Amino acid sequence: MSRYAILTNDLQRDLVDKNEQRKANVQEMTPAFQEFLARMRELQVPVIHLQLVYDEGDKKIEYHDGRIPVLRGTRGAELLPEFVDPVDIVMEKKKDSGFFETDLHDYLQKNDIDTVIITGMQAQVCIQTTAADAHFRGYNVVVPSDGVVSTREEDRTRALEWLASYCAVVAPMAEVARRIGSEEGFDFSVAALP
């Protein structure tokens, strides 16, 4: 039987509020996503929030309006409280992937977790890189199609198509919750490439 963990990516004020479209997309996802996270907690699935945090000396930082976003110790770096529960785990990351120079792999190994459910934003950046890195490390990957956002819908659609064709099972949050709750699980067999 699979052991799961939910990974959220970059649900932080500076990142969500970067532009109006991104903010609107997260707001639209919020009610169903909160319900999904609550259901996962009921099922004893750990929720791990991957929090992007920059230090002033970091190189290759994407500036927002001439300033460093998600700077350590700022309000903009904080996770959005509507998605966080006291039982959740918070792990800092410095780059797009939740596995790059973090304790994520060690935590998953110690807790015998073999399947990660990757959520948050942006689908074509942090979701894809975290999913690929999970796949490279031997984890099964699930991406809820309505549990990830991008600023532009075409970026989200393209990312979900790539994920489904390469390294992840892509399904709506309600289906993911049903499969985990019923212990039906997922088919992670890989189709042969043409």
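Which order do Asp146, Asp103 take when ranked by solvent-accessible area (1.4 Å probe, heavy atoms of all protein chains), largest first?
Details: Asp146 65, Asp103 105 Å².
From most exposed to least exposed: Asp103, Asp146.
Starting from the Kirkwood Rh over alpha-carbon pairs, what translational D in µm² s⁻¹ does the range 6-136 have by Stokes-Einstein at 37 °C and 0.692 mPa s? Numbers along the way, then the final one.
On the way: Rh = 15.2 Å.
It diffuses with D of about 216 µm²/s by this estimate.
Name the aspartates and glutamates eligible as straight-distance cross-link partners of Lys60: C-alpha to C-alpha under 15 Å, and not fewer than 8 places from it in the same chain.
Cross-link targets: Asp96.
Output the Kirkwood hydrodynamic radius of the range 136-194, Cα pairs only, in Å rounded to one decimal.
On the way: mean 1/r = 0.0802 Å⁻¹.
After inverting the pairwise mean of 1/r, the radius is 12.5 Å.
Could you tell me which residue out of Thr130, Tyr4, Pro172 lies farthest along the dipole of the chain toward its positive end? Charges go on the beta carbon: Lys and Arg +1, Asp and Glu -1, centred on the Cα centre.
Thr130
About the Cα centre, and with charges only on the beta carbon of Lys, Arg (+1) and Asp, Glu (-1), how big is the dipole of the range 42-109? Nearest 20 debye, please. Show your work: numbers first, answer last.
Values: 8 positive and 15 negative charges, 66 e Å.
Computed about the Cα centre, the dipole is about 320 debye.
If you count only protein heavy atoms with a 1.4 Å probe, what accessible area per residue comes out for the chain, rounded to a whole Å²?
Details: 9930 Å² over 194 residues.
Accessible area per residue, the chain: 51 Å².
Mind telling me which of Lys94, Lys18, Lys110 comes out most flexible in a GNM of the chain, alpha-carbon contacts under 10 Å?
Evaluated over the chain, the most mobile residue of the options is Lys110.
Relative to the compact-globule scaling 2.2 N^0.38 Å, provide the ratio for the alpha-carbon radius of gyration of the range 56-125.
Cα-based Rg divided by the globular estimate yields 1.28.
To the nearest 0.05, how large is the calculated FRET efficiency for Glu56 and Ser182 if R₀ is 41 Å and r is the Cβ-Cβ distance? Before the final figure, lay out the partial values.
Working: r = 48 Å, r/R0 = 1.18.
Here the calculated transfer efficiency is 0.25.
Report the local net charge at Arg156: Lys and Arg +1, Asp and Glu -1, summed over other residues whose C-beta lies under 13 Å from its C-beta.
Values: positive: Arg22, Arg152, Arg158; negative: Glu28, Asp146, Glu153, Glu154, Asp155, Glu161.
Neighbour charge sum, excluding Arg156 itself: -3.
Among rounded, prolate and oblate, which fits the range 16-85 when a ≥ b ≥ c are the square roots of the eigenvalues of its C-alpha gyration tensor, a/c under 1.5 means rounded, and a/b larger than b/c means prolate? Could you put the intermediate results ahead of the total?
Details: a/c = 3.19, a/b = 1.68, b/c = 1.90.
Oblate, because a/c is 1.5 or more while a/b does not exceed b/c.
If you place +1 on the Cβ of every Lys and Arg and -1 on the Cβ of every Asp and Glu, how big does the dipole about the Cα centre of the chain come out, in debye to the nearest 20? Kindly include the intermediate steps, with their values, before the conclusion.
Details: 22 positive and 33 negative charges, 46 e Å.
Using only the charged Cβ atoms, the result is roughly 220 debye.
Would you please classify the overall shape of the range 87-187 from the alpha carbon gyration tensor, given that a ≥ b ≥ c denote the square roots of the eigenvalues, rounded means a/c under 1.5, and beyond that prolate means a/b larger than b/c while oblate covers the rest? Numbers along the way, then the final one.
Values: a/c = 1.60, a/b = 1.07, b/c = 1.48.
The shape class here is oblate.
Express in whole angstrom the spacing between the alpha-carbon centres of the range 59-124 and the range 135-185.
18 Å
The values are calculated or read from the model by the stated rules, or taken from the named source; none is laboratory data. Because the structure is predicted, anything quoted here is derived from the model rather than measured. Heads up, the Cβs are rebuilt from the backbone with ideal geometry, glycines too, and the neighbour counts pull from every protein chain shown. The accessibility values were calculated without ligands, DNA or RNA, using every heavy atom of the protein model including side chains. Shrake-Rupley method; radii C 1.70, N 1.55, O 1.52, S 1.80 Å.
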